[in-house]
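Here the structure comes first, spelled out in structure tokens, and everything after it is commentary.
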Amino acid sequence: MLLPPSLEEMVPSNHPVRVVDRVIDQIDIHPLISTYKGGGSSGYHPRMLLKVMVYAYLRNIYSSRQMEDSLKENIYFMWLSGMNKPDHNTINRFRGKRLEGHLKDIFSAVVLLLSEEGHLSIKEVFVDGTKIEANANRYTFVWGKAIASQKQKIKNQLESLWSYAQNVYNTELQEPEAPDFTEISAEKVEETIRQINQKLKDKEID
């Protein structure tokens with residue numbers, strides 16, 4: 001393509017990511033900014049990081065490593081971050097030190113706004129403390145028509161969701177750094193191709 005499309009063109013005008021962007025742009029984040037000491041320069045603006053955190057939670061992404069990947073692979077995250085790519089350590093530091101006491105209220109308010117406007121509903125959540133970690137899909141958000149009567153149910157579900165998200169965060173802090181992947185040699189790739197072709201050889205294809 002001689003003229004590649006811009007991210008702006010690839011994000012629908014009614015997509016929830018634009019609601020997150022608009023809401024976070026207009027709220028007063030002075031309490032967050034005031035926690036930054038003068039004299040240094042932060043690589044990423046707290047408003048951008050806050051947008052990423054809120055939208056990630058809306059997409060059922062609670063792992064900072066998954067957020068890092070999304071910022072490199074997902075069009076909506078790229079648009080929201082302005083192509084900034086903070087790593088998972090930066091995201092976790094922001095989530096832990098800067099957002100303590102703030103993120104829960106901001107996230108809940110955005111979810112309720114989307115629900116009231118008919119953009120979002122949440123599947124029924126049956127909380128079983130022994131299975132929360134094993135089944136994160138209990139907290140899957142479903143884009144679709146919501147009704148006002150869900151508001152209290154959503155508030156209750158958000159409390160359970162928040163506990164799960166915090167557990168992911170605390171667990172991640174204790175995990176060792178993942179090793180960097182090294183480039184796979186051409187010889188190993190060729191050998192894998194040879195093995196696959198050998199297994200497929202003379203197989204009858206329906």
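Data overview
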| item | result |
| --- | --- |
| Loop GluC sites (Glu not before Pro), the stretch 54-106 (other Cβ atoms within 10 Å of the site Cβ: 10 or fewer; DSSP) | 100 |
| Note, ³J(HN,Hα) from phi for the stretch 23-28, Karplus 6.51, -1.76, 1.60, rounded to Hz, x at Gly and Pro | 5, 5, 5, 9, 7, 7 |
| Cross-link pairs 72/104; 51/72; 104/155; 97/155 - those with Cα-Cα distance over 19 Å | 72/104; 97/155 |
| Modelled FRET efficiency - R0 30 Å, residue 162 with residue 75, Cβ distances, 0.05 increments | 0.65 |
| Where 51, 199, 104, 72 fall by accessible area, highest first, once all protein chains stay in place (1.4 Å) | 199, 72, 104, 51 |
| Positive minus negative residues near residue 104 (Lys, Arg vs Asp, Glu; Cβ under 13 Å) | -1 |
| Accessible area in the full protein assembly, largest first, 1.4 Å probe, for 97, 153, 201 | 97, 201, 153 |
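The values are calculated or read from the model by the stated rules, or taken from the named source; none is laboratory data. Because the structure is a prediction, the values reported are computed rather than measured. Heads up, the Cβs are rebuilt from the backbone with ideal geometry, glycines too, and the neighbour counts pull from every protein chain shown. Ligands, DNA and RNA are excluded from the accessible area calculation, which covers all protein heavy atoms including side chains. Shrake-Rupley method; radii C 1.70, N 1.55, O 1.52, S 1.80 Å.
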